[in-house]
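The values are calculated or read from the model by the stated rules, or taken from the named source; none is laboratory data. Just so we're clear, the structure is a prediction, and the values are computed from it rather than from any experiment. Cβ placement follows ideal geometry from the backbone for every residue including glycine, while neighbour counts extend to all protein chains displayed. Heads up: the accessible areas ignore ligands, DNA and RNA and are worked out on the full protein's heavy atoms, side chains in. Shrake-Rupley method; radii C 1.70, N 1.55, O 1.52, S 1.80 Å.
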Amino acid sequence: MKRLTGRMLIAVVVLLLPWAVPGAAAAGGFVYSYRCDGKIVTTPGPEHVGRLCTILADGPAVTGQVHEIRMAVRQRSLGYVWMRATLYTTNGKAESHPFVVPEGEFELDASDAAFAQGQAGTQVRLMTWNLLGGGTLDGKDHTGENLKQLIEYVNEVDPDVFFVVEAYGSETAILQGLNAGRAATDLYNSVPITVATEAKYRNLWLFTKLKVAQRYTERPEITDFHFGGAKLQLPNGKYVHAFTVWSRHEDSVFAPMHHAVVNTRFGKPVSPTIDTIVGYDDTKRNAQGRAILQKVVPYYVKDDAPVIMGGDFNAWSDRDWSGQFADARGHAGLTVPWTYTKQYTDAGFYDAFRYINPDAGLYPGRTWSTMSGFGAAPARIDYLLFRDNKAQMRVLGARTDVRRLPRHQGGYLDQQYPFYSDHGAVIADVLVTGTGPGPNRPIVTEKPEYAPGAWPAPPEGTPVPPSELSATAGTFKPVAGDPGRAVDGDPYTYYHSWYPDAADPTVSPAQPHTITVDMGRERVLSAVRFLPKLATALSGAGNPVVNMTGTPLRGVLEVSVDGTWWAQAANVTWPRITGPNDVRLNGVKARYLRLRVDNGMGGATAIAEITPYE
């Protein structure tokens, strides 16, 4: 074999699947197979459609070589990509992350390349995050504990480049916290983007372990409050251009999209219209995009080094809301031609998270809002974008974080603020080709959210008709929050407790709250479905609003045959998502159901519908 001094393409194979290839196929000595439902198969069959599988690569292990394996699963008729992976191996074995086997024929595009040891490239970890008032939870945490925990979390992620939005005076504490106890060769540099005397105006920042070769200061086309960056040098001598972004947040589309998805699901008109919702981008954000892409980036970037942008774009992904994902959970069959993020796509930028996790149904990647709830439509507004004209970068993995570290859970902050900010953080591992050992630490990966369908299928069994149900509760708002509304069959009405800050605690006790359903007679139950309040009201100005206060998060479901003696049927937890949450009962006999809500958003309890199945 020819001596390797750098990258050498070994082979390319295209497999037409399923059931078109009778045996395993190989590229450059690599054999590809699939792990589906825990079993190894040569080719997924019809029984695997809609199931989760991974792809296994098995090839040669050569001393002194690193193999790069690149693969993509593409639906043949439509060209939709459902999985991408770039894997590196020294032992000849590698496995992709999970993907859903699509219907009909699909293709596996697979290629591998061999590198001499030390010539695979340099791994770089990127992180972007809006810190919400410099980690103070917008001034609500006066103790400093949230900022302390936030710094501990960032240290655990250990990014090489950290794009920060809303530093707002915490930048010194963050730098000191990140560098405490680090070796001299592992220290962070602090790169101010927004320059201001008052802390409340110091918005954008960069923290990086890389050498800062040049800082990009304010341009007349856009202020440093919204955009700026630096040229950074990697240990292998290559450069990247890194920019922190904060797009205007006026005219948020979160509530209108929640409104559109819920109403579409229940057959009501979408208001505002999709055209109106898309038009929100054109008020402020689109002009910013044109300034960034047509003026500022070309002014600073004169070479072919990769360009990376990280930040809070306050805009939804044109890729996520294409026709490919119309039937994904939370999309309700809708397609939305978002214009702001499409500007970046048209300018040659890739979304790192969606590039390596191309299935927006399996990997929704929600980043808004970890605090006030994710609503009905998955909102991803924080991005790591990259442009790579010379194919020097490989995206290895990406994930979103929306939950505190385990050691930070359970405390007083965690009860109300499950994450350290109202935005999720986005982390990506990339590799810049050239000198370097290749990946030298575990790659970040996103956990699949396997919830097929625009609306989860109902549980097995027959729903008990609302006319046979009644409900009582320990606390409720008269009329508007009557517990009977949770069993009336109308998803737009809901039971609601009094708020915990009411003047009279006998009227408004703190959680736990209970709501009890009488099913009229003893029944054998298969499941019960809980629907949190949909809250698709309009403001006084006629704009949709979302209020997820009261959405249950944690509690206990109890059952009884006589209303006196109760047995615990299940501990229940629910995500902060507006959608059905089912509890399997598997033949439990009961006349009464009692839900005890130990923790609900905002300290209140609200439920649109409780539907038993028998």
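Here are some notes:
- Taking region 80-93 as the range and being open to solvent by 20 Å² or more (accessible area, probe 1.4 Å) and over 26 Å from Ile427 (Cα atoms) as the test, only Asn91 passes.
- Failed condition for Ser421, given (1) surrounded by 20 or more Cβ atoms within 10 Å (Cβ to Cβ); (2) among the polar types (S, T, N, Q); (3) in contact (Cβ under 8 Å) with a residue 60 or more places away in the chain; (4) touching a Lys or Arg at 6+ places or on another chain (Cβ under 8 Å): (4)
- Residue check for Gln65: closer than 15 Å to Leu362 by Cβ and not charged (D, E, K, R): no
- Residue count for region 360-386 under the criterion of being of a type in the set (D, E, K, R) and not in a strand (DSSP E or B): the result is 2.
- When the residues of region 232-256 are filtered to those that are at pLDDT 95 or above and either touching a Phe, Trp or Tyr at 6+ places or on another chain (Cβ under 6 Å) or over 17 Å from Leu126 (Cβ atoms) (or both), the one that is surrounded by the most Cβ atoms within 10 Å (Cβ to Cβ) is Thr244.
- Screening the candidates Arg403, Arg407, Arg399, Arg394 for the property of being crowded, with 19+ Cβ neighbours inside 10 Å, among the basic types (Lys, Arg) and either touching a Leu at 6+ places or on another chain (Cβ under 9 Å) or more than 30 Å from Phe115 (Cα to Cα) (or both) yields one hit, Arg394.
- Of the residues making up region 597-606, not a single one is outside any loop (DSSP other than H, G, I, E, B) and open to solvent by 60 Å² or more (accessible area, probe 1.4 Å).
- Strands (runs of 3 or more DSSP E) wholly inside region 1-85 that include at least 3 residues being at pLDDT 85 or above: 30-36, 39-41, 52-58, 65-75
- Identity of the residue in region 172-200, under 28 Å from Gly397 (Cβ atoms) and touching a strand residue (DSSP E or B) at 6+ places or on another chain (Cβ under 9 Å), that ends up surrounded by the most Cβ atoms within 10 Å (Cβ to Cβ): Ile193
- Within region 296-323, if we keep just the residues that are over 19 Å from the mean Cα position of the chain (by Cα) and of a type in the set (Asp, Glu), the residue that is surrounded by the most Cβ atoms within 10 Å (Cβ to Cβ) turns out to be Asp304.
- For region 413-438, a tally of residues being closer than 30 Å to Tyr88 by Cβ, assigned to a loop (DSSP other than H, G, I, E, B) and either at pLDDT 95 or above or among the charged types (D, E, K, R) (or both) returns 1.
- Filter result for Arg354 (open to solvent by 20 Å² or more (accessible area, probe 1.4 Å) and touching a residue at least 24 places away in the same chain (Cβ under 8 Å)): no
- Within region 457-501, tally of residues that are within 31 Å of the chain's Cα centre (by Cα) and more than 18 Å from Met548 (Cβ to Cβ): 5
- If you filter region 94-114 down to residues that are modelled with pLDDT under 95 and more than 19 Å from Gly45 (Cα to Cα), you find that the one that is most open to solvent (accessible area, probe 1.4 Å) is Ser111.
- Some residue of region 91-105 being in contact with a Pro (Cβ under 7 Å, 6 or more places away or on another chain), polar (S, T, N, Q) and closer than 18 Å to Ala360 by Cα: no
- Region 257-295 - residue that is in contact with a strand residue (DSSP E or B) (Cβ under 9 Å, 6 or more places away or on another chain) and either crowded, with 21+ Cβ neighbours inside 10 Å or basic (Lys, Arg) (or both) and, of those, nearest to Leu384 (Cα to Cα): Ile292
- When the residues of region 135-151 are filtered to those that are at pLDDT 95 or above and crowded, with 17+ Cβ neighbours inside 10 Å, the one that is nearest to Asn440 (Cα to Cα) is Ile151.
- Of all residues in region 182-211, those being closer than 27 Å to Gln123 by Cβ and charged (D, E, K, R) number 4.
- Every residue from region 539-595 that is without any contact (Cβ under 8 Å) to a residue 12 or more places away in the chain and either outside any strand (DSSP E or B) or hydroxyl-bearing (Ser, Thr, Tyr) (or both): Ser539, Gly540, Ala541, Gly542, Thr564, Trp565
- Scanning region 476-499 for residues being outside any loop (DSSP other than H, G, I, E, B) and either surrounded by 19 or more Cβ atoms within 10 Å (Cβ to Cβ) or at positive phi (or both) gives a total of 6.
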